[in-house]
Amino acid sequence: MRLEILNSGYRFGTKLLFGIIRLFSGYPLPDAARLVFYRPGFYGDPAKNFTHRAMRGPSAWSVGDRELMAAYISRMNECNFCVKAHSAVSAKAYNNTAIVEEVLADLKIASIDLPLKATLIMLGKLTRENSINAADMRAVLDSGVSSEQIEDALAICFAFNITNRLADAFNFYVPSDKAFDAGASYLLKRGYA
Amino acid sequence: MKITNTNFKHLYQALIDRILKGEGYSTQQDRQAAFANKNVQPPLDLLVDKVAHQAFKISDKDIDMARQSGVSEDQLFELIICAAVGQASRQYESGLTALADATKKEGGPYAS
């Protein structure tokens with residue numbers, strides 16, 4: 001990563017943990033996970049609490065839907081690391097890689113339900129243009145999405161608009177597809193806490 | 001640490017309060033400026049604005065230029081996080097406001 005403290009500035013116990021994870025998983029801990037271990041009281045812990053709630057807490061959206069939202073937001077921000085990481089989790093959760101690829105290739109013609117499509121369109125606009133209005137929201141509500149589902153989606157949007165920016169500012173290393181697949185299994189099983 | 005209150009508003013505020021008002025290597029004033037992307041001193045202002053609006057274009061050169069302001073790595077770590085959270089929070093607030101506007105009862109604020 002671009003700051004040396006994020007490469008080697010961890011406490012002894014944390015470095016030991018990184019080593020153990022590498023030993024058992026066969027892969028180094030991804031930079032997204034390393035970041036939250038650096039001075040966790042400043043950013044890592046409160047960020048993980050929010051993200052875990054948004055991605056694995058109670059919601060009418062499935063885990064696959066939420067991970068797809070994360071991947072789509074990341075695509076809007078052109079964040080390569082996060083697109084790969086969360087499309088891998090979404091594909092695993094859905095047990096369907098093709099649908100994730102379809103959405104990321106061209107949302108308009110992707111064969112997904114209208115409520116999810118309308119929500120992704122709204123999240124894409126908010127991410128690209130930084131603001132959104134009541135008419136945009138009414139279009140989502142009219143598609144059959146509840147206010148609570150929109151609140152849940154906006155929370156995902158907040159979490160990943162932070163993570164995408166940090167991934168690119170700190171320059172997260174983009175590992176192999178196999179490493180992302182291993183990371184996806186972990187995130188599916190354990191979440192973000 | 002076991003989290004008891006998992007309400008979004010509470011978790012959101014906890015994150016923002018921690019990065020802006022908690023202990024840090026940079027001043028609260030500098031963190032607030034990076035969060036708001038306003039009144040950031042040059043040459044740091046360029047990096048903060050890029051984090052907010054074009055993070056995918058950030059290069060080693062941008063970080064090197066920011067270092068010329070004399071900030072430490074821990075200060076840069078904090079200010080980059082504040083810039084990222086700040087822009088994401090403006091997007092989030094815009095979304096929540098639009099949702100509140102869209103779900104207001106028909107007939108205006110005085111309708112019964």
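The values are calculated or read from the model by the stated rules, or taken from the named source; none is laboratory data. Note that the structure is a prediction, hence the values are computed from the model and not measured. For neighbour counting, all protein chains shown are included, and Cβ atoms are generated from backbone atoms with ideal geometry for every residue, glycine included. Surface accessibility is based on the protein's heavy atoms, side chains included, excluding ligands, DNA and RNA. Shrake-Rupley method; radii C 1.70, N 1.55, O 1.52, S 1.80 Å.
Normalising the average separation of contacting C-alpha pairs (under 8 angstrom, six or more residues apart) by the number of residues puts the relative contact order of segment A:27-128 at 21 percent. Using R0 = 51 Å, the C-beta based FRET efficiency linking A:Y186 and B:Q41 works out to 0.80.
In order along segment B:74-79, phi translates into HN-Hα couplings of 5, 5, 4, 3, 5, 5 Hz, rounded to whole numbers, per the Karplus curve 6.51 cos²θ - 1.76 cosθ + 1.60 with θ = phi - 60° and x for Gly and Pro. Karplus-based coupling profile of segment A:134-142, in residue order and whole Hz: 4, 5, 4, 5, 4, 4, 6, 4, 5, with θ = phi - 60° in 6.51 cos²θ - 1.76 cosθ + 1.60 and x standing for Gly or Pro. Contact order for chain A, expressed relative to its length and based on alpha carbon pairs under 8 Å spaced 6+ residues apart, stands at 31 percent.
Isolated cysteines of the protein assembly as shown, defined as having no other cysteine beta carbon under 4.7 Å away, are A:C157, B:C82. At a probe radius of 1.4 angstrom, the accessible area of segment A:1-150 per residue rounds to 45 square angstrom.
Here A:E148 and B:D17 are evaluated by their C-beta separation; at R0 = 30 Å the FRET efficiency comes out at 0.75.
Only Lys, Arg, Asp and Glu carry charge here, each on its Cβ (+1 for the first two, -1 for the last two); on that basis the protein assembly as shown has a dipole of about 660 debye about its Cα centre. Chain A has equivalent-ellipsoid semi-axes of 30, 17, 15 Å, by the square roots of 5 times the alpha carbon gyration tensor eigenvalues, sorted largest first.
Shown for segment A:32-58: residues covered by the partner protein chains by 20 Å² or more of accessible area relative to the chain by itself (probe radius 1.4 Å), namely A:Y38, A:R39, A:G41, A:F42, A:Y43, A:P46, A:N49, A:F50, A:R53. With the highest mean first, a sort of the peptides B:55-65, A:160-170, A:26-36 on other beta-carbon atoms found within 10 angstrom per residue produces A:160-170, A:26-36, B:55-65.
Accessible surface buried by the B/A pair amounts to about 3900 Å², both sides summed, 1.4 Å probe. If you build a Gaussian network model of chain A, linking Cα atoms that sit under 10 Å apart, which residue out of A:F42, A:F81, A:F24 swings the most? Looking only at A:F42, A:F81, A:F24, the biggest GNM fluctuation is shown by A:F24. Cross-link reach is defined here as a Cα-Cα straight distance under 20 Å, omitting same-chain residues fewer than 8 places apart; for A:K108 the lysines meeting it are A:K117, A:K125. For the protein assembly as shown, the residue among B:F56, A:T97, A:I73 whose Cα projects farthest onto the positive side of the dipole built from Cβ charges is A:T97. Of the GluC sites (Glu not before Pro) found in segment A:1-89, those that fall in a DSSP loop while having at most 14 other beta-carbon atoms within 10 Å are A:E4, A:E78. Per atom type, the protein assembly as shown shows carbon and sulfur on 52% of its accessible surface, probed at 1.4 Å.
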